[in-house]
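The values are calculated or read from the model by the stated rules, or taken from the named source; none is laboratory data. Everything quoted here is computed from the prediction, not taken from an experiment. Here the Cβ is made from the backbone with ideal geometry for all residues, glycine too, and neighbour counts use every protein chain on show. Keep in mind that these areas ignore ligands, DNA and RNA; they rest on the heavy atoms of the full protein, side chains included. Shrake-Rupley method; radii C 1.70, N 1.55, O 1.52, S 1.80 Å.
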Amino acid sequence: MNRVSKFATLAVGLITLVSSPAVFAQASPAPAAPAAVKPEAIPAKVGLIAFEQAVFATNEGQQAIAALGKKYEPQKSKIQAEQTEVESLQKQLQAATTLSDEDRQSRVRTIDAKQKQLQRDGEDAQASYQNDLQEAYGRIAGKVNAVMQKYVSDNGFTLLLDVSGQQSNVLWAAEKTDVTRAVIEAYNAQAGVAAPAVQSTPASAAPRSSTPRPATKTPAK
């Protein structure tokens, strides 16, 4: 399929917080309006990029994901242990045929309490992981965006479309229009960050997919 590679189902672009405080003296003249630009048709050179996936596909992005996986490994192990315990208690209850009604109700309450705790722990870990993932994404995405802007400018592109989202309007494109890999390689060369020695799958404490997706928006190009 010639549609642009999306690298994974993954994770949404950078939230840019712009703060521009300014103090003007009362006598300060108003800035001059920018000169009008006359619209004209120019030869088009369109490129596509899966920006969100590109951020995490850089060496720096891969290292950030590996670090998060290591950080959340204890929570992941704890949640898996809780899940195993709940499943074991459920099997024991199903196999027990001689329990009194009181004992059975007591076991049911115990299982219910542990299930609720498991759910809370999973939701808390997932929220914490997503916050850290978003912070890592924001830290890297701004730098990748700068490299991307330079790449398309240097190579004469007149339009660049982001196809990170699962519901991209781009239904088909020639492979050579995809600049994602080229931007990744350009960023790796500029950043000077070595690739991780071992490629590791991103692991959240309560994984929902194999690819991380930070809850952010793609930066303006």
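Points to keep in mind about this one:
- Check on A64, within 30 Å of T158 (Cα to Cα), at pLDDT 90 or above and in contact with a helix residue (DSSP H, G or I) (Cβ under 6 Å, 6 or more places away or on another chain): no
- Any hit, the range 131-145, residues being open to solvent by less than 30 Å² (accessible area, probe 1.4 Å) and more than 16 Å from the chain's Cα centre (by Cα): no
- E85 surrounded by 13 or more Cβ atoms within 10 Å (Cβ to Cβ), of a type in the set (D, E) and either touching a Lys or Arg at 6+ places or on another chain (Cβ under 8 Å) or modelled with pLDDT under 95 (or both): yes
- Sole residue being more than 30 Å from P39 (Cα to Cα) and out of contact with any strand residue (DSSP E or B) (no Cβ under 7 Å at 6 or more places or on another chain), chosen from D101, D154: D101
- All of (1) open to solvent by 90 Å² or more (accessible area, probe 1.4 Å); (2) at pLDDT below 75 hold for P39 with one exception: (2).
A quick yes/no check of all residues on (1) under 21 Å from the mean Cα position of the chain (by Cα); (2) surrounded by 15 or more Cβ atoms within 10 Å (Cβ to Cβ):
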site	(1), (2)
T58	yes, yes
G69	yes, yes
K76	yes, yes
L89	no, yes
I111	no, yes
E123	yes, no
